[in-house]
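Novice: Structure below; questions to follow.
The values are calculated or read from the model by the stated rules, or taken from the named source; none is laboratory data. Because the structure is a prediction, the values reported are computed rather than measured. Counting neighbours? That spans all protein chains shown, and the Cβs are built from the backbone with ideal geometry, glycine included. Surface accessibility is based on the protein's heavy atoms, side chains included, excluding ligands, DNA and RNA. Shrake-Rupley method; radii C 1.70, N 1.55, O 1.52, S 1.80 Å.
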Amino acid sequence: MESEKLKIYQNRLLVADLIKEVLIGKISVSMALSSFPKEKNDINIKCAFDALMHREADEEYRKKVADYAQVQDDFLLDLANILKENEKLPQNIIEQYQKYHAQNLMGEWDKPLKSILKNFKRMINF
């Protein structure tokens, strides 16, 4: 049980670091997503994955709408800080992501990341 809690914490630290590296421009979103832990049972990691996917998918919108990019990046930074503190995301955030992403976007990791991004972008366009 203790090792399971440690693994959850380590995964959350990794995700927090990946998000922060994207925000400072050190790595790309696709590189961060491909480095996400394969943990499928932590809804907090799933929400962070989905939020980062939105950053990639919203690229054009981020350029067109004033302040959208900053608000989105601030939100991602908040998620990273929550995960770094090993806290659970607020329930309203989890509910919103479950509302729009009931299926597991993290999917099977044997698929290439480009395939995952393609499916995600196709889903957004519906």
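Novice: I'm checking my understanding of the structure. Among residues of the range 31-49 that are part of a loop (DSSP other than H, G, I, E, B) and surrounded by 15 or more Cβ atoms within 10 Å (Cβ to Cβ), which one is nearest to the chain's Cα centre (by Cα)?
Specialist: Once the filter is applied, the top-ranked residue is F36.
Novice: I would also like to ask the following. What do you reckon, is K111 open to solvent by 60 Å² or more (accessible area, probe 1.4 Å) and at pLDDT below 90?
Specialist: Yes: the conditions hold for K111.
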